[in-house]
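Colleague: Next up is a structure, given as structure tokens.
The values are calculated or read from the model by the stated rules, or taken from the named source; none is laboratory data. This structure is a prediction, so every number in the text was calculated from the model and none was measured. Here the Cβ is made from the backbone with ideal geometry for all residues, glycine too, and neighbour counts use every protein chain on show.
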Amino acid sequence: MTGQTSAQTDTNDTTPIDVLVAGGGYVGLATAVAVKAAAMHLRVLVIDASPPGSWKKDPRASAIAAAAARMLNRLGCWQPILPEAQPINEMIVTDSRTADPVRPVFLTFDGEVVPGEPFAHMIENRTLNAALHAKAGELGVEIIEGVGVDSFDAGPNTVAVHLSDGLVFETRLLVAADGVRSRLRDRAGIKTVQWDYGQSGIVCTVHHERPHNGQAEEHFLPAGPFATLPLKGNRSSLVWTERTRDAERIVNQDDFLFEAELEQRFGHRLGEIKVEGPRRAFPLGLMLVREFVKPRFALVGDAAHGIHPIAGQGLNLGFRDAAALAEVIVETDRLGLDIGSIAALERYQAWRRFDTVQMGVTTDLLNRLFSNDITPVRAIRDIGLGLVDRMPSMKQFFIRQASGLTRNTPRLLQGEAI
């Protein structure tokens, strides 16, 4: 059999899979682990098309909101992550031009939801992936790596899932977690609403001379936001938005010229900077699905939504999908009902659709408002930022929103068992 498994999968076993997750990224693994942790009798299989072990080489980092951290803690994944997690103790927001010698701070946020609980942590992706893989193996979640899902055929009681190596699995529910360009979403006939921003996000890690003290910064520049997010040690993860044509030019420059461009935006507050590891540019756009589910089929993560990184909520939106879908699956199973029925899955869709559209519209408006250099617009937004900075209750509201601890939150995200 092509691929590797974290639990031995008998390819001659004709026992149907209960939940098959196509996609072994963070959201796909979190969905599988959350279901299996609450319902050990269910057979859960993850099919990951990525080369075996490629997740160990992921150089990127992610912001994990407080709600997602509570879920990971409830699932038993947080303790191995915590030593490598950098809490965000403070967030500052500036609005300026690239060449401005001084960037006035218009808005600051203290980093705690409640005393002792930061609203977010920065975590390197390989650390997060390692914890999820370890927990999946401990629970008996089966994982096949290096093999993709070619096609599927939904029947009245199961879905026949055809893999690229010729294997076929029968499952009661197929969960597509195969990314923003999801082939399975297209095959299911689910339509999307999407457009391109003409921007790309440059992602890289830098080392700097002086400590960041857990402070994150979001600089609103004419081409788009430039965010510096603290990592363990004297390092920061950067999400740097540029117009696509400029991003391609910047990323393809040699190290000296790239760091010169970077220094213009990063500044000298933390001393000399040096880029660590690769730098990459990703096209940015908005993508929202018209439906989250079909009979025996559900979308999670980037397969269901792609939003601008201006609010740092993309991955956390996916974790909300995972928590909500797991809760629906487990509660439906406990009632002795069909976990793949459209009646069960429509509860998941109703739960997630409004939140997703709301976040997509919010990030779209923020990007349009702040990614320009129109003087009257700049004046209005700076006044608005200054007013929010003087309203503690409003700032606390935004912190709660950023932390993911909003109303109607799935139980796992509140730190409770399903």
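Colleague: Report, by residue number, each residue of the stretch 162-182 that is under 23 Å from residue 326 (Cβ atoms), surrounded by fewer than 22 Cβ atoms within 10 Å (Cβ to Cβ) and among the β-branched types (Val, Ile, Thr).
Modeller: The answer is 180, and nothing else.
Colleague: Could you check the stretch 256-290 and list, in sequence order, the residues that are under 16 Å from residue 242 (Cβ atoms), part of a helix (DSSP H, G or I) and not acidic (Asp, Glu)?
Modeller: Within the stretch 256-290, 257, 258, 260, 262, 264, 265, 266 meet the criteria.
Colleague: Still on this structure, I have one more. Would the stretch 94-108 turn up any residue that is farther than 22 Å from residue 225 by Cβ and not acidic (Asp, Glu)?
Modeller: No, the stretch 94-108 contains no residue that is farther than 22 Å from residue 225 by Cβ and not acidic (Asp, Glu).
Colleague: Identify all residues within the stretch 114-161 that are among the hydrophobic types (A, V, I, L, M, F, W, C), touching a residue at least 60 places away in the same chain (Cβ under 8 Å) and surrounded by fewer than 21 Cβ atoms within 10 Å (Cβ to Cβ); write none if there are none.
Modeller: Matches in the stretch 114-161: 130, 139, 147, 154.
Colleague: Sticking with this structure for a sec: Would you mind stating whether residue 352 is among the basic types (Lys, Arg), touching a Phe, Trp or Tyr at 6+ places or on another chain (Cβ under 7 Å), modelled with pLDDT of 95 or more and under 20 Å from residue 410 (Cβ atoms)?
Modeller: yes
Colleague: Examine the stretch 85-100 for a residue that is modelled with pLDDT of 90 or more and among the small types (Gly, Ala, Ser), and state whether such a residue exists.
Modeller: Scanning the stretch 85-100 turns up at least one residue that is modelled with pLDDT of 90 or more and among the small types (Gly, Ala, Ser).
Colleague: Residue check, residue 185 against (1) in contact with a Ser or Thr (Cβ under 6 Å, 6 or more places away or on another chain); (2) among the charged types (D, E, K, R); (3) buried (at least 22 other Cβ atoms within 10 Å of the Cβ), all met but one. Which one?
Modeller: For residue 185, the exception is condition (1).
Colleague: Counting only residues that are farther than 18 Å from residue 125 by Cβ, modelled with pLDDT under 95 and surrounded by fewer than 23 Cβ atoms within 10 Å (Cβ to Cβ), how many does the stretch 294-315 have?
Modeller: So the answer is 1.
Colleague: State the number of residues belonging to the stretch 164-192 that are assigned to a strand (DSSP E or B) and in contact with a helix residue (DSSP H, G or I) (Cβ under 9 Å, 6 or more places away or on another chain).
Modeller: Looking only at that region, the number is 5.
Colleague: May I ask you to verify whether residue 14 is modelled with pLDDT under 95, of a type in the set (Val, Ile, Thr), under 19 Å from residue 170 (Cβ atoms) and more than 20 Å from the chain's Cα centre (by Cα)?
Modeller: yes
Colleague: Suppose we keep only residues that are in contact with a Phe, Trp or Tyr (Cβ under 6 Å, 6 or more places away or on another chain) and either among the hydrophobic types (A, V, I, L, M, F, W, C) or within 13 Å of residue 108 (Cβ to Cβ) (or both) within the stretch 396-418. Which one would you say is surrounded by the most Cβ atoms within 10 Å (Cβ to Cβ)?
Modeller: 402
Colleague: Moving on to the next point. Quick one: which of 387, 337, 369, 413 is under 20 Å from the mean Cα position of the chain (by Cα), on the phi < 0 side of the Ramachandran plot and among the aliphatic types (A, V, I, L, M)?
Modeller: One residue alone meets the criteria, 413.
Colleague: Still on this structure: Could you check how many residues of the stretch 362-395 are under 26 Å from residue 315 (Cβ atoms), free of Cβ contacts under 8 Å to residues at least 40 places away in the same chain and either buried (at least 17 other Cβ atoms within 10 Å of the Cβ) or of a type in the set (A, V, I, L, M, F, W, C) (or both)?
Modeller: Of the residues in that region, 3 qualify.
Colleague: Let me ask something additional. Tally time: how many residues in the stretch 260-278 are of a type in the set (A, V, I, L, M) and farther than 22 Å from residue 249 by Cβ?
Modeller: The total comes to 1.
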